[in-house]
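Below is one structure; the comments refer to it alone.
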There are 2 protein chains.
Amino acid sequence: MKAHIFLPFYWGVGSLFFLSFWGMAESEKLLVFPQDGSHWLSMRDVIEELSKKGHEIVVLVPEVNLLLKESKFYKRKLYPVSYPQAELDNRFEAFGHNLFAERSFLNKAWVEYWNVRLIIDMFFLNCDSLLKDPETIRYLEESQFDALFTDPALPCGMILAEHLSITSVYFFRGFPCALEHTMSRTPNPVSTIPRCYTAFSHQMTFYQRVINFLVNYLETLLFKDLYTKYLDIAADFLKKEVTLSSLYGQGSIWLLRYDFVFEYPRPIMPNMAFIGGINCKPRERLPQEFEAYVNASGEHGVVVFSLGSMVSEIPMTKAMEIAEALGTIPQTVLWRYTGKPPSNLAKNTKLVKWLPQNDLLAHPKTRAFITHAGSHGTYEGLCNGVPMVLMPLFGDQMDNAKRMESRGAGVILNVLEMTSDDLSKALKTVINDKSYKENIMRLSALHKDRPISPLDLAVFWVEFVMRNKGAPHLRAAAHDLNWIQYHSLDVIAFLLAIVLTVVLIAVKCLKFCFQKCFGKKEKAKKATKSKSH
Amino acid sequence: MKAHIFLPFYWGVGSLFFLSFWGMAESEKLLVFPQDGSHWLSMRDVIEELSKKGHEIVVLVPEVNLLLKESKFYKRKLYPVSYPQAELDNRFEAFGHNLFAERSFLNKAWVEYWNVRLIIDMFFLNCDSLLKDPETIRYLEESQFDALFTDPALPCGMILAEHLSITSVYFFRGFPCALEHTMSRTPNPVSTIPRCYTAFSHQMTFYQRVINFLVNYLETLLFKDLYTKYLDIAADFLKKEVTLSSLYGQGSIWLLRYDFVFEYPRPIMPNMAFIGGINCKPRERLPQEFEAYVNASGEHGVVVFSLGSMVSEIPMTKAMEIAEALGTIPQTVLWRYTGKPPSNLAKNTKLVKWLPQNDLLAHPKTRAFITHAGSHGTYEGLCNGVPMVLMPLFGDQMDNAKRMESRGAGVILNVLEMTSDDLSKALKTVINDKSYKENIMRLSALHKDRPISPLDLAVFWVEFVMRNKGAPHLRAAAHDLNWIQYHSLDVIAFLLAIVLTVVLIAVKCLKFCFQKCFGKKEKAKKATKSKSH
């Protein structure tokens, strides 16, 4: 810290200089507790940058995992889990299949809930195994980390941070809905902030506000359902009772993976930084295979199609409907698909096991993007200015899709109910109706028009927390108040009590005076009357 | 905007490059409506930067003014006012004198209120004159500005913006208290956000929360008192009724001249940017006179003393008390003072008509800063890491002072009541007790540890608003809801009505069924009874 005394000021000279001075000044040790799955991908980008700046990084990884692979940028610390790799693979496969299962309007939420639980329950098993593995815990205790960098969607990282007495930086997508608001004590008015799964905008009609109000209570139930068992293992492990509020309240900074071009404006807190679009990297040269496809596409260009890393196969009848629709457009379609090729695949459609999604979207010849509206994909479409056909499947995807559709940058299709014709029409609409391209380009320009890149911002705040050992000056006082105090109900009750007491005394006094004055007269009158009688 | 399509991304390469690309891309025309007085000083810094980047800037200036002087960086557009220069000078002189007038505990607020009104009433006269000057208004109408840059402490700029149909960037200190929260529709919980003049921190005791709760209502009265007459002239000028909410709600960005090292954490909105310390410039070489003083000060160094631009003279008895105290320390004291020198001035005390405050505070030989705790001075002390003796005089100064004192970075003195001995002790404490220096250095390091300098950030947002013609994507939906809707009271009433109706119908049904079932039995019973008799 003392370096500052001798430093000239860099205000105005360039903040990045200032930043890199700090970065080079000291190497710190960071513990990372990630969430397996696509959310890990952009967290990894931040870790790579931190590693390049000389910090030592240890990533806690369950020995059975999906995407948490080895890298030169960090050391993996593996911990044992209670199930084999096959179990993980089976669950993810079942998850993908269930997304396309027939469901009635009524049991939609129920099917979604149990499908998501398939995966989430496994993360709980991981947490339980980790906390019960003395070797890993001893290693963590001895390693003297400066901070924890974690995805707070589930509270395992926070239990570790509490045990190790280190502060955290949260890297969060904003789903489960409202978690960041509840846990950071940010006001979250139900009248202007749409709740998850409603697909409302911030400008709601009266009836939308009624639904939003009710959904708000379901959220609370969902939190209870997901997190209560973590509190049980936390109590066992920490040897004391903790609350979610006390666990999350120890975190210093929320790095939130959205921005306000995509998300609707809402109250925030000073310890939040917005890094939406962090996954949108500079365009790199396409691999030869894809370069060839794009070059061969002629004036019509290409359409990029991917349903994300969680879905690689879809039922054959659905695949054939999609293949039929793709054959009706003049563009070349690059479709990431690892299942059995549909027999009616048209000549313009190329199936690939993997595609360089961001680089393809950034190519000037890309005309449209068919996506499941995952947060990464949607931001890549937004950032690169590509109109979208959105086929949301689960989680936040319907809300993401609505945010794009409501801004005229895409068309939503229900993948379970759509016909081949619907898809064909949607594609032709977003490609040929110029307003879609204009809208997404306007949004893209706004999204990129910011004073500092999201990656630099994320790296800055992680380093800030490491070098300052937290950010207590940004901690809201609301963390120390209960619900009654926060809403000043105790103050109101106190003032009401005073007012009532004063009124009561005043009434008593008046009554007394009244009796004294008029009571005497009354008596006198009565006395006079009786005398006169 | 279209430039983006052909641009490679600069994420990761450096945001300032991106920024300067935009800056150079197009020159825009900015109207500035400032507030005369010290608040203008840091606004001017932003304007100079914008001018250097090629934007055309017109500053609206009353022909009688204090600090709004000519400059090569902007064009001044003078408008006539209804009073002479002497009136302005007299009022400011009276203002300064009144600060040192004797006051009882009870009439403290009253004296403060009327003293501030001395100045504020003149600003109202300015506004009235401006709106009634057809020549200036015609000039503004014809000038086709891209945006307005204004201090929103008083709403004259907003009336102009409404008339010219342009959007605004607000440059605001945060005083009058809560204005930015009320007008931007930011939740402002009275339980965790101390109100002006209370000098509370965000962690309040129960009784502090009671007082804060009550002061909150006084604020509303103050707003009404200050602003209602602006609404009257606005209605005359705009030929329609407007509300403060509709006027302020048209603004795009709030540039707030505080940060969260100084201020307590609180809910904010995405259209707020925090530029506290923007006045803290890189240290420049001291003028020869001051260089000589500092060099001659020896190992003890210097103390800088200024009560700000609004106070240049103080009553002689007070000045002599102060002079006596200053003589008791081994440091050289540089005192900005334009009044008659006190006869007991010690050898170590140098009176100067002006001093390069920031450059002196930035000098390693400066040991302490005696200040009135104005926002500029306090930030210069904070930024340069100089312990302070704080003598708040009016407005936000008591609150500023408390923020420094509560963090162990300064000592507060009541300038009206303090003795010579008090000042001497306070000075010795902040200079010799190392904790003050350590605390202010820690705060200073935190304050400067940010991803982008406040000046760059301010310039970025003004340019953002000019090039995008506003920032409607950051406008809170709360602006379109009334109080009842915002707090969901209509939704709650609706749901209660449904519940009550359902309960009522259920009760009626049950009653009906009960009567049908038991009524018959009763009849049957009665019939049987009567038969048996």
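The values are calculated or read from the model by the stated rules, or taken from the named source; none is laboratory data. This structure is a prediction, so every number in the text was calculated from the model and none was measured. Neighbour counts are summed over all protein chains in view; Cβ atoms, including those assigned to glycine, are modelled from backbone coordinates with ideal geometry.
Assorted remarks:
- Filter pass, A:ALA409 being buried (at least 22 other Cβ atoms within 10 Å of the Cβ) and at positive phi: no
- Residue, nearest to the other protein chains (Cβ to nearest Cβ), within segment B:343-364, restricted to residues that are in contact with a Lys or Arg (Cβ under 9 Å, 6 or more places away or on another chain) and assigned to a loop (DSSP other than H, G, I, E, B): B:ALA362
- Listed here are the helices (runs of 4 or more DSSP H) enclosed by segment B:214-330 that have at least 1 residues being touching a Phe, Trp or Tyr at 6+ places or on another chain (Cβ under 7 Å): B:244-248, B:316-326.
- Among (1) facing chain B (nearest Cβ under 7 Å); (2) at pLDDT below 95, the one test that A:LYS516 misses: (1)
- Cβ pairs under 7 Å, 6+ apart, first in segment B:375-402 and touching a residue at least 12 places away in the same chain (Cβ under 8 Å), second acidic (Asp, Glu): B:SER375/B:ASP396; B:LEU390/B:GLU405; B:PHE394/B:GLU112
- Residue in segment B:458-469 that is in contact with an Asp or Glu (Cβ under 9 Å, 6 or more places away or on another chain), surrounded by fewer than 23 Cβ atoms within 10 Å (Cβ to Cβ), closer than 23 Å to A:LEU446 by Cβ and more than 7 Å from every other protein chain (Cβ to nearest Cβ) present: yes
- Of the residues examined, A:ASN271 is not one that is modelled with pLDDT under 95 and touching a helix residue (DSSP H, G or I) at 6+ places or on another chain (Cβ under 8 Å).
- Members of segment A:342-367 that are exposed (fewer than 14 other Cβ atoms within 10 Å of the Cβ) and either in contact with a helix residue (DSSP H, G or I) (Cβ under 7 Å, 6 or more places away or on another chain) or not hydrophobic (A, V, I, L, M, F, W, C) (or both): A:SER343, A:LYS347, A:LYS353, A:PRO364
- Hey, A:ARG209 under 16 Å from B:ALA477 (Cβ atoms), more than 11 Å from chain B (Cβ to nearest Cβ) and crowded, with 18+ Cβ neighbours inside 10 Å or not: no
- Residue ID - nearest to B:THR167 (Cα to Cα), chosen from residues in segment B:95-119 that are exposed (fewer than 13 other Cβ atoms within 10 Å of the Cβ) and in contact (Cβ under 8 Å) with a residue 24 or more places away in the chain: B:ALA109
- Considering only residues in segment B:177-186 that are in a helix (DSSP H, G or I) and either within 11 Å of another protein chain (Cβ to nearest Cβ) or of a type in the set (Val, Ile, Thr) (or both), the one that is surrounded by the most Cβ atoms within 10 Å (Cβ to Cβ) turns out to be B:SER184.
- Test: residue in segment A:187-199 that is modelled with pLDDT under 95, in a loop (DSSP other than H, G, I, E, B), within 14 Å of chain B (Cβ to nearest Cβ) and in contact with a Cys (Cβ under 8 Å, 6 or more places away or on another chain): yes
- Hey, A:TYR79 of a type outside the set (Val, Ile, Thr) and at pLDDT 95 or above or not: yes
- Only one of the numbered conditions (1) over 28 Å from B:ALA362 (Cβ atoms); (2) surrounded by 15 or more Cβ atoms within 10 Å (Cβ to Cβ); (3) modelled with pLDDT of 95 or more is violated by B:VAL215, and that is (3).
- Number of residues in segment A:98-111 that are within 16 Å of A:GLY308 (Cβ to Cβ) and modelled with pLDDT under 85 equals 0.
- Residues of segment B:67-76 that are more than 21 Å from B:ASP133 (Cα to Cα) and surrounded by 17 or more Cβ atoms within 10 Å (Cβ to Cβ): B:TYR74 alone.
- A Cβ distance below 8 Å, combined with a sequence gap of six or more or placement on separate chains, defines the contacts here; from segment A:434-445, residues that are under 19 Å from A:ALA401 (Cβ atoms) and more than 7 Å from every other protein chain (Cβ to nearest Cβ) reach no residue that is among the polar types (S, T, N, Q) and crowded, with 19+ Cβ neighbours inside 10 Å.
- Search result, residues across segment A:34-93 that are among the aliphatic types (A, V, I, L, M) and free of Cβ contacts under 8 Å to residues at least 40 places away in the same chain: A:ILE57, A:VAL59, A:VAL61, A:VAL64, A:LEU66, A:LEU68, A:LEU78, A:ALA86, A:LEU88
- Cβ-Cβ distances below 7 Å connect the following pairs, each with a first residue in segment B:470-493 that is closer than 24 Å to B:MET272 by Cβ and more than 7 Å from chain A (Cβ to nearest Cβ), a second residue that is in a loop (DSSP other than H, G, I, E, B) and not polar (S, T, N, Q), and a separation of six or more residues or different chains: B:HIS479/B:ARG185; B:HIS479/B:GLY249.
- Residue tally, condition hydrophobic (A, V, I, L, M, F, W, C) and surrounded by fewer than 20 Cβ atoms within 10 Å (Cβ to Cβ), over segment A:300-313: 1
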